[in-house]
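For reference, the structure is listed below as structure tokens.
The values are calculated or read from the model by the stated rules, or taken from the named source; none is laboratory data. Computed from a prediction, not measured in an experiment: that's the story for all the values here. Here Cβ is always computed from backbone atoms with ideal geometry, including for glycine, and neighbour counts include all displayed protein chains.
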Amino acid sequence: MNTSQSVSSGITWKVAGLLAPGFLLLTATPALAHRLEQHFTVDPRPVITIHNPNGKVIVRAWAKPEVMVVANHASAKVEVNAELSGNRVDIMTRQLEDTISPDDLRADYEINVPEDAELQIHNDSGEVNVANVLGDMNVETVAAGVDLEDAAGYLTVKTVGGSFQCLRCAGRLEVSSISGALRLLSLRSYHVRAQTATGNILFDGEFLPNGLYRLKNYSGAIEVRFSPGDSFDLTATSLKGHVNNQAKLTPPTHPPHYLSKFSNTILGTLNAGRAKVELSSFDGTINVLKRD
Amino acid sequence: MPTSGCTDFENHLEKWMEGERSPQGQAHVRECARCRGLLDDLSLIAAAARDSAPAVMEPPPALWNSLRAQLEQEGLIHERAGVAPGWFPRMFGVLPRPALAGAYLAALIAVAFALSGPVNQRINKARWLRGSESAMLPVTAHIKSVEQRTNVPAPSAVPDLNPVATASLHENLAIVDKYIALCEKSVQEEPENEFARDYLVDAYQQKAELLAQLSERGGNGR
């Protein structure tokens, strides 16, 4: 008896053990209470617009001529719409009631797009993460950070307080922020324009021939890393801060007339001076450092 | 959502702003909050533009005539063959409201600095300072008046759907205000310093954009 009871009791516990994760999953389902999955077949170079007030937007490129939208939101007070119009897919989080809490407004997206897609993303808070998309891209956020990886095309990114990181990006990049930090890593862009008021700026990438690299902030540090074989003309100016330079620059034979007597400026040419690098800060420190 | 009534109204917006107000248009404005908002923005812009008029010295007509003649001679402009579409739909028809406010303020700043161009060539410090002040005063005054009139909500003034984003906007507005104060101080101390003036212009543009975003957020409670 005892044996059978103990066996029966053991089985009961085993069953309970197996059911528990399922029960936990069931209780966790409110977080995924509303899920939308839609697929749209598109032509080459589709345009994808995403408008989301709050949440995570993840975009990945794939080889299919198709856009897949997976959206999750916890509240029934918002709805997620995705529509195909011509060769454009519009994705939007819509508020259904006038009174709604900030948490209700949140929606998270995972979107797969063809790699030549053009993206227009507006996400106020949360985060934006895009990888392997080679089409043009426009991203605007308020507090959301933006991470791009292996992107190309004409990239314009604007944040208010969100940070920005671009890893292995190519093409043309224009990024501006007010307090966000900007990190441009392993870049292969021929045109970079990065501006923030109080954030730091880090540039660790290639200086392509005829490339133009303009980094500007108000305060905070600007750090640029170079290799001895790089070729660029450098102008680095800080009105109230310091400029530290490790590049062996050839000074210009005729310093330009516009050089301000009020600022700390370093200028000169490294090797043949094929690219143009302009760094400016009002109150911050500029460091031009040799790559290890 | 815009309706066909909104489209009709927008098609007659230029005439409306010139004072020609049809009964249908008036009825539409009474019913449509979106078009009322658009009119509020436009009235604000028109008022600011009127206010700025005395600060901008009007070039004498002879200068315009000689400029036009020169441009025509160089083939850069031509006599108008017919009646061109109104300036208003061409310039602003496609712009959303925040873009309109931001674009206006940015244009105001650009105009103010373009007018200050000759100032840059002067070397006398006092004249530089006067030049800087005269160039910047209309801009600062307008930024302030637009700031008051756009009724930017305080952090706790309206029910906020996205407090993270709104807090970020206010926080960054404070950063830009501080940055403007420091740039203005620099320009005051070193009026010839074009570098400081460039930073001041940047700061004003950033402030204009933030105000436009805050204004829009207060308007629809987003």
**Study point:** Count of residues meeting criterion [part of a strand (DSSP E or B), under 23 Å from A:LYS290 (Cβ atoms) and away from every other protein chain (no Cβ under 14 Å)] in region A:187-210
**Key:** 10
Review point. Across region A:161-186, which residue is farthest from A:ALA144 (Cα to Cα) among those that are touching a Gly at 6+ places or on another chain (Cβ under 8 Å), among the polar types (S, T, N, Q) and in a strand (DSSP E or B)?
Key: A:SER186
Practice item. Name the single residue, out of those in region A:68-106 being polar (S, T, N, Q) and assigned to a loop (DSSP other than H, G, I, E, B), that is modelled with the lowest pLDDT. Key: A:THR99
Review point. Are any of the residues in region B:149-163 modelled with pLDDT of 90 or more, surrounded by fewer than 20 Cβ atoms within 10 Å (Cβ to Cβ) and under 21 Å from the mean Cα position of the chain (by Cα)?
Key: no
Practice item. Give region A:150-186 a look and list any residue that's farther than 17 Å from A:TYR213 by Cα and more than 14 Å from chain B (Cβ to nearest Cβ), or say none. Key: A:ASP150, A:ALA151
Study note, to complete from the structure: Counted residues in region B:174-216 being within 9 Å of chain A (Cβ to nearest Cβ), farther than 17 Å from A:LYS216 by Cα and within 20 Å of the chain's Cα centre (by Cα) come to 3
Check your understanding: Among the residues of region A:85-113 satisfying the criterion of being among the hydrophobic types (A, V, I, L, M, F, W, C), surrounded by 15 or more Cβ atoms within 10 Å (Cβ to Cβ) and more than 10 Å from chain B (Cβ to nearest Cβ), which is nearest to A:ALA143 (Cα to Cα)?
Key -> A:ALA107
Practice item. Please identify the pairs in which a residue from region B:170-182 that is touching a residue at least 40 places away in the same chain (Cβ under 8 Å) has its Cβ atom under 8 Å from the Cβ atom of a residue that is in a helix (DSSP H, G or I) and among the hydrophobic types (A, V, I, L, M, F, W, C), counting only partners at least 6 apart or on another chain. Key: B:HIS170/B:LEU214; B:LEU173/B:LEU210; B:LEU173/B:LEU211; B:LEU173/B:LEU214
Revision key, fill the gap. When restricted to A:TYR218, A:TYR190, A:TYR213, the only residue assigned by TED's automatic domain parsing to the domain that holds A:ARG274, of a type in the set (Phe, Trp, Tyr) and more than 25 Å from A:LEU134 (Cβ to Cβ) is A:TYR218
Check your understanding: If you scan region A:59-71, which residues turn out to be farther than 17 Å from A:HIS34 by Cα and either surrounded by 17 or more Cβ atoms within 10 Å (Cβ to Cβ) or outside the structural domain of A:ASP108 (by TED's automatic domain parsing) (or both)?
Key -> A:VAL59, A:ALA61, A:VAL67
Point to revise | Tally of residues being in contact with an Asp or Glu (Cβ under 6 Å, 6 or more places away or on another chain) and either free of Cβ contacts under 8 Å to residues at least 40 places away in the same chain or not in a loop (DSSP other than H, G, I, E, B) (or both) across region A:239-269 | key: 2
Exercise for review: Could you please let me know if B:ALA165 is without any contact (Cβ under 8 Å) to a residue 60 or more places away in the chain, facing another protein chain (nearest Cβ under 9 Å) and among the small types (Gly, Ala, Ser)?
Suggested key: yes
Revision key, fill the gap. Within region A:38-67, the count of residues that are polar (S, T, N, Q) and more than 21 Å from the chain's Cα centre (by Cα) comes to 2
Exercise for review: Kindly indicate whether any position in region A:149-157 is within 20 Å of A:ILE48 (Cα to Cα), within 16 Å of the chain's Cα centre (by Cα), crowded, with 24+ Cβ neighbours inside 10 Å and of a type in the set (Ser, Thr, Tyr).
Suggested key: no
Review point. Of the numbered conditions (1) surrounded by fewer than 21 Cβ atoms within 10 Å (Cβ to Cβ); (2) assigned to a strand (DSSP E or B), A:ASP116 satisfies every one except a single condition; which is it?
Key: (2)
Check your understanding: How about region A:122-149: which of its residues are within 14 Å of chain B (Cβ to nearest Cβ) and outside any strand (DSSP E or B)?
Key -> A:VAL142, A:ALA143, A:ALA144
